[in-house]
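The values are calculated or read from the model by the stated rules, or taken from the named source; none is laboratory data. Being a predicted model, the structure only gives us computed values, none of them experimental. Backbone-built Cβ (ideal geometry, glycine too); neighbour counts: all protein chains shown.
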Amino acid sequence: MSNHRRWFAVITLLLAGLLLSGCNLISSLFPHPREDLDGTVKQYTQMLRWGELDRAAATFPDPCLRLKFEASLLPYRLVKIVDVRIKLTELSRQDLDAVVKVEWDYYRPPSVKVLTVEDLQRWTFIDDEDVNFKGWELISPLPPLP
């Protein structure tokens, strides 16, 4: 193999590596709403799972619905969540609205009987430059506990 071909091969491989790393950088700076939704839902469910109810209420619900959401939190202050399962995520065609089906396992102290509730969460993607916010907001309260 001649020196020109070797150099061409080396330069081609270097350019391909730069191109691939550039694509990864761009995708990490501008995540797809689907990827952002997965992370948001996991963060939200973990906050509720570990009893960070006030933090979840201040972070995820649409500000217009925050009072209704906080009212739906009251029964959750009396229980301990022991497990959470994200069962299904459905996005709209434009990836701007989503429904996430979550199951919560919980018990009410002093009882140790574990109960399950299904939570159909509705989320909407917000890209508002006026308030410098881009991300998912929860637009549904928590379900009543049986």
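Summed over the stretch 74-95, the residues that are surrounded by fewer than 16 Cβ atoms within 10 Å (Cβ to Cβ) and either touching a helix residue (DSSP H, G or I) at 6+ places or on another chain (Cβ under 7 Å) or small (Gly, Ala, Ser) (or both) give a count of 4. Return yes or no: is Asp105 assigned by TED's automatic domain parsing to the domain that holds Asp38 and assigned to a strand (DSSP E or B)? It is true that Asp105 is assigned by TED's automatic domain parsing to the domain that holds Asp38 and assigned to a strand (DSSP E or B). Of the residues making up the stretch 128-139, those that are in contact with a helix residue (DSSP H, G or I) (Cβ under 9 Å, 6 or more places away or on another chain) and either among the charged types (D, E, K, R) or in a strand (DSSP E or B) (or both) are Lys134, Gly135, Trp136, Glu137, Leu138.
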